[in-house]
Amino acid sequence: GSYSLVILTKDEVLGIRDPHGFRPLVLGNLDGSYVIASETCALDIIDAKFIREIDPGEIIVLDKDGMRSQMMLPVDRISMCVFELIYFARPDSYIHNKNMFEVRHRLGQELAKEFPADADIVIPVPDSGTPAAIGYSAESKIPYAEGFIKNRYIGRTFIQPKQETREISVKLKLNPLRDIIQGKKLVVVDDSIVRGTTSKKIVKMLYNTGAKEVHMRITCPPLLYPCYYGVDMATRKEFIA
């Protein structure tokens, strides 16, 4: 299975990462004490120092005597979920010593090389598409602009359980800026397309707001197969690809 666990008992704190390393888990130090978190950005918030990633298949035990490590199962193959790099991890986190903002920025640059467009501005689908949109703009020399105002109180739409909820959430989550969009040829950069719910609604909203052209650019390759490890995309028929 897929898991990164932090378990608190009466005398110990345990950090456990599955043998495939699907999800991140990190070890830090705060004023001489050890801390465990799912991402490095959590360490930054409390001014803790990053020590290292907890290895796939490793158990970290913290108790009154300090820290000890043991491997619970042999690791045959490391298979980190690629969605951590593309979407899930916060842009200010590091995975494998790589900053996620920079990874997504680079994806946007490569996207501009492989799929150029004749457009007036590049806009992101906020917030997950923002680093890649900045990268696309930098590489293509097409000006970057913010085309949407995002409602910060709406969660991630594609992982919501019901399709009707996902569709309503897109409209509640994003409101297009008419003065930026009207009469413009747009490159719209997003991190991924799963079911197509968000993308179809966004394209329709942009045209209704007066966009002249809409060119969608996606950093993630087409999703063709289900995930059985904790993400709500369980059947192949759900995917627009």
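Please treat every number below as a calculation from the coordinates, not as lab data. Predicted model, so just to flag it, every value in this text is computed and none were measured. Glycine gets a Cβ as well: all are built from the backbone with ideal geometry, and neighbour counts include every protein chain shown.
Remark: relative contact order (the chain) = 14 percent; criterion is Cα-Cα distance under 8 angstrom and separation of 6 or more residues.
Pairs K98/K204; K150/K237; K200/K237; K49/K150: which exceed 24 Å Cα-Cα? As for pairs spanning more than 24 Å Cα to Cα, those are K98/K204; K150/K237; K49/K150. Between the helical axis of 100-114 and the dominant principal axis of the chain, each derived from Cα atoms, what acute angle in degrees is found, rounded to the nearest 10? In the chain, helix 100-114 runs at an angle near 40 degrees to the longest axis. Using the rule -39500 (n - 2.57) for each DSSP H run of four or more residues, divided by the residues of the chain, the 222 nm mean residue ellipticity is -7000 deg cm²/dmol. Highest-first packing order for the peptide set 195-202, 176-183 is 195-202, 176-183, based on the mean count of other beta carbon atoms within 10 Å.
So what's the net charge close to L25: Lys and Arg +1, Asp and Glu -1, counting the other residues with Cβ under 15 Å from its Cβ?
Numbers: positive: R17, R23, R52, R90; negative: D18, E39, E53, D55, E58, E84.
Around L25, the surrounding residues sum to -2.
The packing ranking, built from the mean of other Cβ atoms within 10 Å per residue, places the peptides 76-85, 6-15 in the order 76-85, 6-15, highest first. So, in Å, what gap is there between the alpha-carbon centers of the range 120-143 and the range 179-241? Each part reduced to its Cα centre gives a spacing of 15 Å. Please find, in a Gaussian network model of the chain (springs between Cα atoms separated by less than 10 Å), the residue of L107, L25, L223 whose mean-square fluctuation is greatest. Result: L223 has the largest fluctuation of those listed.
With +1 on each Lys and Arg Cβ and -1 on each Asp and Glu Cβ, how big is the dipole of the chain about its Cα centre, in debye rounded to the nearest 20?
Working: 32 positive and 31 negative charges, 221 e Å.
Charge dipole, the chain, about its Cα centre: 1060 debye, nearest 20.
Could you run the Karplus curve 6.51 cos²θ - 1.76 cosθ + 1.60 with θ = phi - 60° over the range 71-88 and give me ³J(HN,Hα) per residue in whole Hz, x for Gly and Pro? Coupling constants for the range 71-88: 8, 8, 9, x, 9, 7, 7, 7, 9, 5, 4, 5, 5, 4, 6, 7, 9, 5 Hz. If only the Cβ of Lys and Arg carry +1 and only the Cβ of Asp and Glu carry -1, the dipole of the range 4-80 around its Cα centre is close to 120 debye. Springs join every pair of Cα atoms under 10 Å in this Gaussian network model of the chain, and among V231, V125, V35 the largest mean-square fluctuation is at V231.
Within the range 4-80, the ratio Rg/Rh, alpha carbon atoms throughout and Rh by Kirkwood, equals 0.97. Ranking T40, I51, V122 by how far each Cα lies toward the positive end of the dipole of the chain (charges on Cβ) leaves V122 at the top.
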